[in-house]
Amino acid sequence: MREPVKILGLWNIADAEPDRIAMVDPLGREVTYRELATLANRYATGLRALGLETGDVLVSMVHNSVEAIATYFAAYQAGLYIVAVNWHLTGPEVAYILQDSEAKAFFASDRFAAAAIAAADEAGLPATARFAVGEIDGFAPVSELGAAESGRPDNRSTGGPMLYTSGTTGRPKGVRRPLTGADPDAVPPHTTAFFGLFELGAYDDHVHICGSPLYHTAVLNFATISIQLGHTLVLMDRWDAEDMLRLIDKHRVTHSHMVPTQFHRLLALPEAVRAKYDVSSLRSMVHGAAPCPQETKRQMLEWWGPTVTEYYAATEGGGTVINGTDWLRKPGSVGKAWPWSVIKVLSEEDGTEVPAGEPGLVYMKMGASSFEYHHAKEKTEESRVGDLFTVGDIGHLDSDGYLYLHDRRSDLILSGGVNIYPAEVETVLVTHPKVVDVAVFGIPHEDWGQEVKAVVQPAEGVDGDDELTAELLAFAATQLAKYKIPKSVDYLPELPRDPNGKLYKRKLRERY
């Protein structure tokens, strides 16, 4: 007998099994597919009534909640681009994204009220485009959006995320793919194929736990694809190691998307605490976004078995994957190219392909998919060689096609799975009147992978001491999100530069 066809997609499942549990919210409340679809419909019809059309942009700065997921699906079915903003950003940083993306609507949680108001005001966003989860002065409650409407929005077509990734100038770049115009009810084959990389199929009693912020590209993808494939999403508001183990045990969780920092915190729990919880339901615990120390990976594999799967990918597309069993054969590797992706290592000097074992710039390609950096055609072209693109990572392929990374974007700092671009921090610090020159880079941190270090050349007659450090960090805090601020500052009478002014950052890094 043929296996019955599995119904995929939020709205299709809501019609076929309205009482099926789509989500368990951070307070433990169960939300059905019908409830989630209804909320997404209300938001979408409300946005249509405001005049938003296919291809317009909705910016969301909403904490992990049912509203955040409903906002994504509202944009998805209304043919909108959705920009999920890091809620640690300051008002001016969010304002830049509102302006650069040409946002037509802005959703924000009341816990981020100060930054949301400052951003909306600076970007000149009209009051009619501002919506709050909770209460924010000058923002309409999102609970009222589309409250008088029923059913789905008119002219439905598939929208998609517009993702902001750090740029070489320190300003984030919007990565924007052409919209397909497809039916939002039709789950595209590449969605199921992507989950197939991690041996995750539709239904199959799968439960996904999301403990990371939904503004992360991969986190949002894993959470929403899980719902599209009939999995239950267990959502955490704030991640806590023991609480995650408790929820894995309680809900029989099968998969998640994690970063190495979370592994470190889990391994730091006392053995007696770890032993209290049953994790035998786990099938595919996926990690990426930051380098994972080999010893950490080995300990997680010993605890959770070969369920720990690693991947390497870029916001712009393409990637590699390696399961736990293969990693033990190829320790330190981030895996082989996805079946529809291409991974090549090219010489930094002449762009030719280098032999196995030799390091170079890692380039990738994702099938026929294309992207461009919004308002930055020159940046799009700079990153490409033919139909391949690079994000600047250095690595090598072995003779079996497994990729090993050496430098994760030689300058980019990866701290706790979050990208921090030194140029942005340097641009702020160098404007301080007591600073002549500054270099910012990542140094190893046991828990976070890397932390932000600044080396400063003080102005003549200024002492590089604790008092100056306090002054510089306070100055940085007025313009930068907390996670971008250096954790420590050192001082040198002069920074190492070549005759053309190029900074030898590697020489500074070597000291640490």
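Quick notes on this one:
- So K434, is it out of contact with any His (no Cβ under 6 Å at 6 or more places or on another chain), surrounded by 12 or more Cβ atoms within 10 Å (Cβ to Cβ), among the charged types (D, E, K, R) and farther than 30 Å from T296 by Cα: yes
- Every residue from the range 411-455 that is of a type in the set (S, T, N, Q) and in contact with a helix residue (DSSP H, G or I) (Cβ under 8 Å, 6 or more places away or on another chain): S415
- Scanning the range 97-136 for residues that are under 15 Å from M162 (Cβ atoms) and buried (at least 17 other Cβ atoms within 10 Å of the Cβ) turns up I97, L98, D100, S101, A103, K104, A105, F106, F107.
- The listed residues are G51, G91, G46, and the only one of them that is on the phi > 0 side of the Ramachandran plot and surrounded by fewer than 24 Cβ atoms within 10 Å (Cβ to Cβ) turns out to be G51.
- Every listed requirement among (1) among the aromatic types (F, W, Y); (2) surrounded by 22 or more Cβ atoms within 10 Å (Cβ to Cβ); (3) at pLDDT 95 or above is met by Y312 save one, (3).
- Selection count where residues are farther than 18 Å from L47 by Cβ and outside any helix (DSSP H, G or I), scope the range 110-132: 1
- Unmet criterion (only one of (1) within 24 Å of C210 (Cα to Cα); (2) touching a strand residue (DSSP E or B) at 6+ places or on another chain (Cβ under 9 Å); (3) assigned by TED's automatic domain parsing to the domain that holds G160) for L10: (3)
- G461 assigned to a loop (DSSP other than H, G, I, E, B), at pLDDT 85 or above and of a type outside the set (V, I, T): yes
- Complete set of residues in the range 395-435 that are among the acidic types (D, E) and in a helix (DSSP H, G or I): E424, E426
- Test: residue in the range 332-340 that is crowded, with 21+ Cβ neighbours inside 10 Å, in a strand (DSSP E or B) and touching a helix residue (DSSP H, G or I) at 6+ places or on another chain (Cβ under 9 Å): yes
- Residue list for the range 382-401, filter: modelled with pLDDT of 80 or more, over 24 Å from the mean Cα position of the chain (by Cα) and on the phi < 0 side of the Ramachandran plot: H396, L397, D398, S399, D400
Each row is one residue, and each column tells you yes or no for (1) in contact (Cβ under 8 Å) with a residue 40 or more places away in the chain; (2) more than 19 Å from N221 (Cβ to Cβ); (3) assigned to a loop (DSSP other than H, G, I, E, B); (4) not assigned by TED's automatic domain parsing to the domain that holds F139.
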site	(1), (2), (3), (4)
G28	no, yes, yes, yes
T38	no, yes, no, no
S60	yes, no, no, no
W87	yes, no, yes, no
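- Members of the range 27-43 that are buried (at least 17 other Cβ atoms within 10 Å of the Cβ) and either more than 29 Å from D204 (Cβ to Cβ) or not β-branched (V, I, T) (or both): Y33, R34, E35, L36, A37, L39, A40, N41, R42, Y43
- Within the range 265-304, tally of residues that are within 26 Å of the chain's Cα centre (by Cα), in a helix (DSSP H, G or I) and within 17 Å of G332 (Cα to Cα): 8
- Within the option set L468, L492, being among the hydrophobic types (A, V, I, L, M, F, W, C) and either at positive phi or surrounded by 18 or more Cβ atoms within 10 Å (Cβ to Cβ) (or both) holds for one residue only, L468.
- So V175, is it surrounded by 15 or more Cβ atoms within 10 Å (Cβ to Cβ) and either within 26 Å of R34 (Cα to Cα) or not assigned by TED's automatic domain parsing to the domain that holds T71 (or both): no
- Test result for P433, out of contact with any strand residue (DSSP E or B) (no Cβ under 9 Å at 6 or more places or on another chain) and either among the small types (G, A, S) or without any contact (Cβ under 8 Å) to a residue 60 or more places away in the chain (or both): yes
- Any chance L508 is under 30 Å from the mean Cα position of the chain (by Cα) and not in a loop (DSSP other than H, G, I, E, B): yes
- Residue under evaluation W327, criteria (1) modelled with pLDDT of 95 or more; (2) over 20 Å from the mean Cα position of the chain (by Cα); (3) assigned to a strand (DSSP E or B), criterion not met: (3)
The values are calculated or read from the model by the stated rules, or taken from the named source; none is laboratory data. What you see is a predicted model, and the numbers here were worked out from it, not measured in a lab. Cβ sites come from the backbone with ideal geometry, for glycine too, and all protein chains shown count toward neighbours.
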